[in-house]
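Novice: So that we are looking at the same thing, I have put the structure below in structure tokens.
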Amino acid sequence: MYVQIMTKGWKKNVSLKKFTSFQIGGKARFFSQVFSEEELKEVVAEAREKNLPIFILGGGTNILFPDQGFPGLVIQMALGDVQWLSSRVVAGAGVPLPFLVEEARKRGLSGLEWGAGIPGTLGGAVRGNAGTKQEFLSQHLEKVKALDQEKLIFREYLTQDGKFSYRQSIFKQLPQMIITSAVLKLEPANLEKIEKKMTLNFQARRKQPLDFPSAGSVFKNPSLAPAGQLIDQTGLKGKRTGKAQVSLRHANFIVNLGGARSAQVLTLIHEVEASVKDKFGVSLEREIVVVEEKEKKP
Ligand code: EPU
């Protein structure tokens, strides 16, 4: 996904559409892109002083903003430092995952092949413990640094303290913690082997609807069966509300056919949840972040 780069400072009334892979969402009352930990701390402190709600945005590839937008400050994480130290890499939360995957390949380092074809930033990938069916980011993670936006102090988490499991981490449970960087531990390996693994992952994603804007899998896979299979069996594939559609290609994706509204996507999400519950007795858990509408502050 292309993320527009802006200069420092806050902007007013910024459309969130172009910052999300769904291409959906109203305007952020304020918007700021931060490039360093110090800058992030300053911006957070300023927003707290002004009593503004804060929303931390990474690559915007897993998110549904409301049509009304966000009534506070959206901070886009552009912390882009990358340091390769032998088989370790220390990278800022804003570094695109595809960049790290490709750079690791070039350096003959194995451990990120699962990320081939996965969009988004490192920070988002850590928070959601991104991965495939077989492999997750946390398996190659050493530690994470994060800013506590209430106490305005930085803290380091070793992987074993991160409560990582399938698409889950402590950072989803502690929304005050803003991931600022991570250390990944990779392994030197044969280039052919790395590339073969990457190709398999790219191929697995061909089943997915990459031709329309979306936010990836809408739901986590429950233990009964993959969400895509369950939704498919409810007959909702292809179901449309306005310009939002349950993908014909993969039932666990909702696609934006062009100009879809957030409310239309939400209607489909609710319908899918109700149908799967009704038919299989399973409550689907959302993988995408649905930002709730907030009352506008005067
Ligand atoms: N299926 C259907 N109908 C559909 C879609 C899928 O019957 O419309 C069936 C497939 O035939 C297959 C099963 O459901 O038997 C699983 O489908 P698929 O192989 O496409 O994998 P998935 O479980 O839907 C998971 C991850 C993806 C990841 C792929 C490949 C989740 C929720 N999804 O998809 O991750 O790319 O494996 O590793 O864990 C994401 O998290 O955003 C994401 C795209």
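The values are calculated or read from the model by the stated rules, or taken from the named source; none is laboratory data. These numbers come from a predicted model, not from an experiment. Glycine gets a Cβ as well: all are built from the backbone with ideal geometry, and neighbour counts include every protein chain shown. Surface accessibility is based on the protein's heavy atoms, side chains included, excluding ligands, DNA and RNA. Shrake-Rupley method; radii C 1.70, N 1.55, O 1.52, S 1.80 Å.
Novice: Go through the range 205-241 and count every residue that is open to solvent by 40 Å² or more (accessible area, probe 1.4 Å) and either modelled with pLDDT of 95 or more or in contact with a Ser or Thr (Cβ under 7 Å, 6 or more places away or on another chain) (or both).
Specialist: So the count comes out to 12.
Novice: I've got another one for you. Just a yes or no: is a residue in the range 52-64 farther than 23 Å from M177 by Cα, in contact (Cβ under 8 Å) with a residue 24 or more places away in the chain and not in a strand (DSSP E or B)?
Specialist: So far as the range 52-64 goes, no, none of its residues is farther than 23 Å from M177 by Cα, in contact (Cβ under 8 Å) with a residue 24 or more places away in the chain and not in a strand (DSSP E or B).
Novice: I'd like the full set of residues that are assigned to a helix (DSSP H, G or I) and open to solvent by 40 Å² or more (accessible area, probe 1.4 Å), limited to the range 119-140. Step through it out loud before you land on a result.
Specialist: As a first pass, look at the range 119-140 and keep what is assigned to a helix (DSSP H, G or I): 122-127, 137-140.
G124, R127, Q139, listed by residue number.
The rows are residues; the columns are (1) at pLDDT below 95; (2) under 23 Å from K145 (Cβ atoms).
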position	(1), (2)
Q4	yes, no
T7	yes, no
E42	no, yes
G60	no, yes
F65	no, no
M77	no, yes
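Novice: Which fully enclosed helices (runs of 4 or more DSSP H) of the range 180-298 have 1 or more residues being within 14 Å of the ligand (Cβ to nearest atom) and assigned by TED's automatic domain parsing to the domain that holds E113?
Specialist: Once the helices (runs of 4 or more DSSP H) in the range 180-298 are filtered for at least 1 residues that are within 14 Å of the ligand (Cβ to nearest atom) and assigned by TED's automatic domain parsing to the domain that holds E113, what remains is 191-205.
Novice: From Q160, Q176, Q149, grab the single residue that is without any contact (Cβ under 8 Å) to a residue 12 or more places away in the chain and away from the ligand (no atom under 16 Å from the Cβ).
Specialist: Q160
Novice: Hey, another quick one. What are the residues in the range 165-204 that are in contact with a Leu (Cβ under 9 Å, 6 or more places away or on another chain), open to solvent by 80 Å² or more (accessible area, probe 1.4 Å) and within 18 Å of F136 (Cα to Cα), if any?
Specialist: Across the range 165-204, the qualifying residues are K185, E187.
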